[in-house]
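Notes to accompany the following structure.
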Amino acid sequence: MLAAISGCTDAGAERQPHETNFRVFNGTRFANADDLDRAGLLPFTSIYDVWKLTCDETQCYNVPTESQFKKTLASYVAQFRSSSFIAFDFENIVIDKATSAEQANNEVQLLKKFIVWTRESYPKAKIGIYDYDFNSKFLDIRAKIYREGGFDFFAPTMYQRWPNHDIWSARLQAAITNDHTINKSLPIYAYISPYKAGVTKNGFLGDAEWLAQLADTRRVINGVIVWTQSSTAIKLDTNQSWEADLRHIVSGKAP
């Protein structure tokens, strides 16, 4: 991949007011992930659904106790090296996937409980959730967890799972529109990956696509969470060119 950032944003995309404060988060937990930390990326913690949570229109299932949740959260905070920014990655209870308003509301109540427990453990943490913000289903219900006492930022998944960049750009704009409808004051940090659809076995994105994503997000949202499949048992190849592109951004160079 190229070391310089190129590409242009969708002309219809709304420009965010704080693009000079664009944040690039390191959402990896490689054994040597601190190499990217030292380059200027900010450590970012995702807590994964180890319980296989589900909800229906009656209740939620496989819900951990407070102590179980906090123990798991502490483990992920240690692995990802951050108690400052934390996102829930609970794909079984993504609200727009609910089949009824009752189910969506049950998911909201469960997430509110998890937010309280997270704030009790890490009072200064900024909290969000990996979500499909470009979908507008149950938008009014989803809004309930982005008000006072709820999530502090939006974290839409923007892994490139579509046929071309124009569609990706349209989905990003849809996420911005939906998020601003819910709470325009909150920052938007999009999950992106140098891999196709965020899946390592799919191989890397093409140069132009990766660079265009970095350029576009920098222009229209507040930051990106860079994610790849990782664990503390393996090491990142620190000479990959997609990392050079990230170092270019965090060094303050304009695309």
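The values are calculated or read from the model by the stated rules, or taken from the named source; none is laboratory data. Just so it is clear, the model here is predicted, and its values are computed rather than measured. Cβ: placed from backbone, ideal geometry, glycine included. Neighbour counts: every protein chain shown.
Suppose we filter 208, 212 for residues that are hydrophobic (A, V, I, L, M, F, W, C), farther than 26 Å from residue 152 by Cβ and in contact with a helix residue (DSSP H, G or I) (Cβ under 6 Å, 6 or more places away or on another chain); which single one remains?
212
Quick test for you: out of 197, 190, pick the one residue that is at pLDDT 95 or above, in contact with a Pro (Cβ under 7 Å, 6 or more places away or on another chain) and either more than 30 Å from residue 124 (Cβ to Cβ) or aliphatic (A, V, I, L, M) (or both). Walk me through it before giving the result.
Working: 197 fails: in contact with a Pro (Cβ under 7 Å, 6 or more places away or on another chain).
The match here is 190.
Taking segment 206-226, which residues are touching a Lys or Arg at 6+ places or on another chain (Cβ under 7 Å), within 18 Å of residue 244 (Cα to Cα) and surrounded by fewer than 23 Cβ atoms within 10 Å (Cβ to Cβ)?
From segment 206-226, those touching a Lys or Arg at 6+ places or on another chain (Cβ under 7 Å) are 219-220, 222-223; that's our starting set.
The next check asks that each one be within 18 Å of residue 244 (Cα to Cα); those that pass are 223.
None; the set is empty.
Among 185, 193, which is the only one that is out of contact with any Asp or Glu (no Cβ under 6 Å at 6 or more places or on another chain) and surrounded by fewer than 22 Cβ atoms within 10 Å (Cβ to Cβ)? Write out each step before concluding.
On the way: 193 fails: surrounded by fewer than 22 Cβ atoms within 10 Å (Cβ to Cβ).
Only one candidate qualifies: 185.
Residue 200 versus (1) surrounded by fewer than 16 Cβ atoms within 10 Å (Cβ to Cβ); (2) over 17 Å from residue 27 (Cβ atoms): which is the lone unmet condition?
(2)
Of the numbered conditions (1) among the hydrophobic types (A, V, I, L, M, F, W, C); (2) assigned to a helix (DSSP H, G or I); (3) surrounded by 15 or more Cβ atoms within 10 Å (Cβ to Cβ), residue 155 satisfies every one except a single condition; which is it?
Only one criterion in (1) among the hydrophobic types (A, V, I, L, M, F, W, C); (2) assigned to a helix (DSSP H, G or I); (3) surrounded by 15 or more Cβ atoms within 10 Å (Cβ to Cβ) is unmet by residue 155, namely (2).
Return yes when residue 100 is surrounded by fewer than 16 Cβ atoms within 10 Å (Cβ to Cβ) and either under 21 Å from residue 225 (Cα atoms) or not basic (Lys, Arg) (or both) and no when it is not. I'd like the intermediate steps shown before the answer.
Numbers: surrounded by fewer than 16 Cβ atoms within 10 Å (Cβ to Cβ): yes; either under 21 Å from residue 225 (Cα atoms) or not basic (Lys, Arg) (or both): yes.
Taking the combined requirement at face value, the residue satisfies it.
Which residues, counting only those in segment 192-246, are of a type outside the set (D, E, K, R), in a loop (DSSP other than H, G, I, E, B) and more than 19 Å from the chain's Cα centre (by Cα)?
Filtering segment 192-246 for residues of a type outside the set (D, E, K, R) gives 192-195, 197-200, 202-206, 208, 210-215, 217, 220-234, 236, 238-242, 244, 246.
When the remaining residues are screened for being in a loop (DSSP other than H, G, I, E, B), the result is 193-194, 199, 203, 205-206, 221-222, 227-234, 236, 238-240.
Within segment 192-246, 203, 206, 232, 233, 234, 236, 238, 239, 240 meet the criteria.
Restricting the search to segment 64-84, which residues are under 27 Å from residue 225 (Cα atoms) and in a loop (DSSP other than H, G, I, E, B)?
Answer for segment 64-84, where residues must be under 27 Å from residue 225 (Cα atoms) and in a loop (DSSP other than H, G, I, E, B): 64, 81, 82, 83, 84.
Consider residue 92 against the criteria (1) modelled with pLDDT of 95 or more; (2) surrounded by fewer than 17 Cβ atoms within 10 Å (Cβ to Cβ); (3) more than 18 Å from the chain's Cα centre (by Cα): it satisfies all of them except one. Which criterion is unmet?
So the condition that residue 92 fails would be (3).
Going residue by residue through segment 107-129, is there one that turns out to be surrounded by fewer than 17 Cβ atoms within 10 Å (Cβ to Cβ), within 20 Å of residue 181 (Cβ to Cβ) and out of contact with any helix residue (DSSP H, G or I) (no Cβ under 7 Å at 6 or more places or on another chain)?
Within segment 107-129, none of the residues are surrounded by fewer than 17 Cβ atoms within 10 Å (Cβ to Cβ), within 20 Å of residue 181 (Cβ to Cβ) and out of contact with any helix residue (DSSP H, G or I) (no Cβ under 7 Å at 6 or more places or on another chain).
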